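Colleague: Dumping the structure here so I can ask a few things about it.
Just so it is clear, none of the values below were taken in a lab; they were calculated from the coordinates. Since this is a predicted model, take the numbers as computed values, not measurements. Glycine also receives a Cβ, built like all others from the backbone with ideal geometry; neighbour counts cover every protein chain displayed.
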Amino acid sequence: MTSAGPAVAPAAPLRLTQYAHGGGCACKIPPGELEAMVAGLMPGRGPSGGRVDGDRLLVGLDDGDDAAVVRTADGSALVSTADFFSPVVDDARDWGRIAAANALSDVYAMGGRPVVALNLLGWPRDVLPAELAQEVLAGALEVAGRADCFVGGGHSIDSPEPLYGMAVTGLVDPDRMLRNNAGRPGVPLTLTKSLGVGILNNRHKRTGEVFPHAVASMAALNDRASAAALEAGAVCATDVTGFGLLGHLHKLARASAVTAVVDAAAVPVLDGARESLRAGYVSGGTRRNLDWVRPYLDAGRTSDDELLVLADAQTSGGLLVAGEVPGHPVIGELVPAVPGMTLVIR
């Protein structure tokens, strides 16, 4: 009778989030740094390469909108955008689904329809198996299929940490675009997805806990919300991603020369997000978002915890629409510009 050898412990499952210094849209370059970086490329502030030509380049660098829009010779318009980030969840297929929905969202935020996407993949090939990368690509293909968007290849590199996203080209009616500089006083503000995924993602990265409702929110397309906004006659919108609700609303209000008033109690928040925030699960990106908007913010008696929820760095968040969108909560309104303030919290 032979004795059995020592028991071999099963290998621990790979956790993708542990191979990246940040996660999702929380790993964006801070908004203040980014604006300083591209300032010399904007009209009136340096070389004219980013200048908007009203006849051809309809949307460029000027207001930091969600995508570029170029008018074509036949009078229609192309929407072009790119978005990629490090893992926001540990499940490879879910990461691909989320990253694809996030990239496609920029087209929907302009009122457009995605047509074709290209994969953007960075992979530490000596560290993580190729099969995981295949799962990422499969998840993205699934979501692109739901959007009726072709995936036509792409580009990959061997990188120190995993990165994935898409470059997306779509079509938009130049007479029915959604832009971030078209807000007007007296118009309500609608938010089409709940906040809090950044907080829950931070908890997931640190503990391994899985939050299926956060994954479902991030993987959901903004196609129906975009169509509903256009149907309701909206002309101004943006999507809420790495700069948080407050950051993206600040940009919209600044570009539109208005002030945004937010009813904090009306803002939808995912279950578990506030509790996770109180437990300390807040990303550095969220804190930087709040620091960036504070000089332009009248917070009243709003607590810092609530402000952090409103500044939470979202990945694949919803649309923020200047206008009422049926089926989604109104969270505030645009009012005439208050000197020095783009944001007021009630």
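Colleague: Around Ser159, which amide H atoms from residues at least 5 apart in sequence, or from another chain, sit under 5 Å from its own amide H, with H modelled in the peptide plane?
Modeller: Residues meeting the amide H criterion: Trp123, Arg125.
Colleague: Could you tell me how far the Cα centroid of the range 197-255 sits from the Cα centroid of the range 126-164, in Å?
Modeller: One Cα centre to the other: 22 Å.
Colleague: Fewest to most neighbouring Cβ within 10 Å: what's the order for His213, His328, His21?
Modeller: On the way: His213 14, His328 18, His21 8.
Ascending Cβ contact count within 10 Å gives the list His21, His213, His328.
Colleague: Using DSSP, restrict attention to beta bridges with both residues in the range 188-345 and report what percent are antiparallel, rounded to the nearest 5. Kindly include the intermediate steps, with their values, before the conclusion.
Modeller: Numbers: 16 of 22 bridges.
Around 75 percent antiparallel, to the nearest 5.
Colleague: Quote the FRET efficiency, to the nearest 0.05, computed for Asp305 versus Phe84 with a Förster distance R0 of 35 Å and r equal to the Cβ-Cβ distance.
Modeller: Numbers: r = 31 Å, r/R0 = 0.88.
That gives a FRET efficiency of 0.70.
Colleague: Per-residue HN-Hα couplings for the range 300-308, Karplus 6.51 cos²θ - 1.76 cosθ + 1.60 at θ = phi - 60°, whole Hz, x for Gly and Pro?
Modeller: Result, ordered by residue: x, 9, 5, 5, 4, 4, 5, 5, 5 Hz.
Colleague: Here's another thing I want to ask about it. Would you tally the net charge around Val261, using a Cβ to Cβ cut-off of less than 12 Å, leaving Val261 out, and scoring K and R as +1, D and E as -1?
Modeller: Details: positive: Arg346; negative: Asp263, Asp298, Glu333.
Around Val261, the charge tally is -2.
Colleague: Hey, can you grab everything whose amide H is under 5 Å from the amide H of Val338? Only 5+ residues off in sequence or another chain; H modelled, so Pro and N-termini drop out.
Modeller: Excluding prolines and chain starts, which carry no amide H, the hits are Thr259.
Colleague: Tally Lys/Arg at +1 and Asp/Glu at -1 over every other residue whose Cβ is under 12 Å from the Cβ of Pro162; what's the total? Please list the in-between numbers first.
Modeller: On the way: positive: Arg15, Arg125; negative: Asp90, Glu135, Asp158, Glu161.
Local charge sum for Pro162: -2.
Colleague: Let me ask something else about it. Compute the signed sum of charges (Lys and Arg +1, Asp and Glu -1) over the other residues within less than 14 Å, Cβ to Cβ, of Val330.
Modeller: -2
Colleague: So how much slack lies between Val116 and Thr72, counting 0.36 nm per residue of separation and subtracting their Cα-Cα distance, in nm? Mind dumping the intermediate values first?
Modeller: Numbers: separation 44, 0.36 × 44 = 15.84 nm, distance 1.67 nm.
Working it through step by step, the gained length comes to 14.2 nm.
Colleague: Step through the residues of the range 241-253 one at a time and calculate ³J(HN,Hα) from phi using the Karplus curve (6.51 cos²θ - 1.76 cosθ + 1.60, θ = phi - 60°), rounding each to whole Hz and writing x for Gly and Pro.
Modeller: Listing the rounded values in order: 10, x, 8, x, 4, 5, x, 6, 5, 4, 5, 5, 5 Hz.
Colleague: Something else about it: Give a residue-ordered list of calculated ³J(HN,Hα) values for the range 148-153 (Karplus: 6.51 cos²θ - 1.76 cosθ + 1.60, θ = phi - 60°; whole Hz; x for Gly, Pro).
Modeller: 6, 10, 5, 10, x, x
Colleague: Sort 269-282, 160-173 for me by packing, meaning the mean count of neighbouring Cβ atoms within 10 Å per residue, highest on top. Could the numbers behind the result be given before it?
Modeller: Values: 269-282: 17.1, 160-173: 20.9.
So the order, starting with the most tightly packed, is 160-173, 269-282.
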